[in-house]
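A short worksheet on the structure shown next.
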Amino acid sequence: MIDADEVARELTLPGAPLTQRIVSEFGPEFLRADGTLDRAGLARTVFEDPQALARLNAVTHPPIMAAIDRELGRMAAEGETEIVCLVAPLLLEVGYGRGEKVDRVIVIAADEEERIRRIRARDGLTSEEVKQRIRAQMPTEEQRRRADWVVDTAAGREQALRQLESIWRELTCE
């Protein structure tokens, strides 16, 4: 499994070239004394300004996708690629849609109210901050349209896990 968010965190460790590039682009106020990025401050800035978000994406997406491509290459060279799960919230937005970089796409979906509740609980954001982030993403209906499978989490975690198990059986022909 490759987690795009984890790749991004690794690439933005203190002193890393991508961290330096972000600070260069957005300013030293987004660099904490310990060398870590002020992710919350940066998020507030970019989700309030679509042009700033586009600049951040232009700076971060290419090195993140290159790192993912390198990991996929390593996995292929070592014979680990029969099935690789790439967890990437912005998968479709960055050109990793079906037939482009991946064979199949699974979208994990929840209605907007539930998404807001979950993100608020996880990240401690206000409803408006969450809505800004949701508006910055591809609309759910477009994600659903581009997916091979949609796992709807409205019925709860157990039902979503059953849906994922069914997809797994289909992929592995079990």
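Data table
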item: Filtered residue count, the range 85-133, keeping only those that are surrounded by 15 or more Cβ atoms within 10 Å (Cβ to Cβ) and either touching a strand residue (DSSP E or B) at 6+ places or on another chain (Cβ under 7 Å) or not in a loop (DSSP other than H, G, I, E, B) (or both); result: 16
item: Positions within the range 18-29 being part of a helix (DSSP H, G or I) and either free of Cβ contacts under 8 Å to residues at least 12 places away in the same chain or touching a Gly at 6+ places or on another chain (Cβ under 6 Å) (or both), in sequence order; result: Q20, S24, P28
item: Q143 vs. criteria surrounded by 11 or more Cβ atoms within 10 Å (Cβ to Cβ), in contact with an Asp or Glu (Cβ under 8 Å, 6 or more places away or on another chain), at negative phi and part of a helix (DSSP H, G or I); result: no
item: Top-ranked residue in the range 117-132 [being farther than 16 Å from E48 by Cβ and among the hydrophobic types (A, V, I, L, M, F, W, C); ranked as nearest to the chain's Cα centre (by Cα)]; result: I119
item: Residue match in the range 64-75 (condition: loosely packed, with under 12 Cβ neighbours inside 10 Å, touching a Leu at 6+ places or on another chain (Cβ under 9 Å) and assigned by TED's automatic domain parsing to the domain that holds R44); result: no
item: Hey, E6 within 22 Å of G124 (Cα to Cα), outside the structural domain of Q137 (by TED's automatic domain parsing), within 14 Å of the chain's Cα centre (by Cα) and assigned to a helix (DSSP H, G or I) or not; result: yes
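The values are calculated or read from the model by the stated rules, or taken from the named source; none is laboratory data. Every value quoted in this text rests on a predicted model; they were computed, and no experiment measured them. A quick note on method: Cβ atoms are made from the backbone with ideal geometry, for glycine too, and the neighbour counts reach across all protein chains shown.
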